[in-house]
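Have a look at the structure below before the remarks.
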């Protein structure tokens, strides 16, 4: 599906991910993790990629024997969300921590795999959760 790059479209992404989780028979926990990561990634594309400019995001996904995946394509400036990503220093008081990056860190560590490529000038990001009998 193609959605406008605006915050009002994020509900469409959430519904899509919930349906993929259902089709893939993911546990509630697995579906939540995939939805968290997809929501954070889509939000970052809108807020930091397009920065209020008009644009679109193509979202697709699938269920395979061993995983459920969600893929985002966008034409925002090239950016790999893993760039500069590091675990937050929990010893530093909250008010003294650097701003930004925590949401991406939490989202990308919530999924079992994350891949990013720049293909023909487009950002392509793939989030995946491994399927298991026990969730």
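Being in a helix (DSSP H, G or I) and farther than 16 Å from residue 130 by Cα is the filter here; which residues of the stretch 1-18 pass it?
Selection gives 7, 8, 9, 10, 11, 12, 13, 14, 15, 16.
Restrict the check to the stretch 22-29 and report whether at least one residue is in contact with a strand residue (DSSP E or B) (Cβ under 9 Å, 6 or more places away or on another chain), over 14 Å from residue 123 (Cα atoms) and not in a loop (DSSP other than H, G, I, E, B).
Within the stretch 22-29 (the criterion being in contact with a strand residue (DSSP E or B) (Cβ under 9 Å, 6 or more places away or on another chain), over 14 Å from residue 123 (Cα atoms) and not in a loop (DSSP other than H, G, I, E, B)), the answer is yes, since at least one residue qualifies.
Restricting the stretch 44-75 to residues that are touching a helix residue (DSSP H, G or I) at 6+ places or on another chain (Cβ under 7 Å) and modelled with pLDDT under 95, which is surrounded by the fewest Cβ atoms within 10 Å (Cβ to Cβ)?
44
If the requirement is being at pLDDT below 95, surrounded by fewer than 16 Cβ atoms within 10 Å (Cβ to Cβ) and in a loop (DSSP other than H, G, I, E, B), which of these qualifies: 90, 106?
Among 90, 106, only 90 is at pLDDT below 95, surrounded by fewer than 16 Cβ atoms within 10 Å (Cβ to Cβ) and in a loop (DSSP other than H, G, I, E, B).
Would you say residue 35 is surrounded by fewer than 17 Cβ atoms within 10 Å (Cβ to Cβ) and without any contact (Cβ under 8 Å) to a residue 40 or more places away in the chain?
no
The values are calculated or read from the model by the stated rules, or taken from the named source; none is laboratory data. These numbers come from a predicted model, not from an experiment. Every residue, glycine as well, gets a Cβ built from its backbone with ideal geometry; the counts of neighbours run over all protein chains shown.
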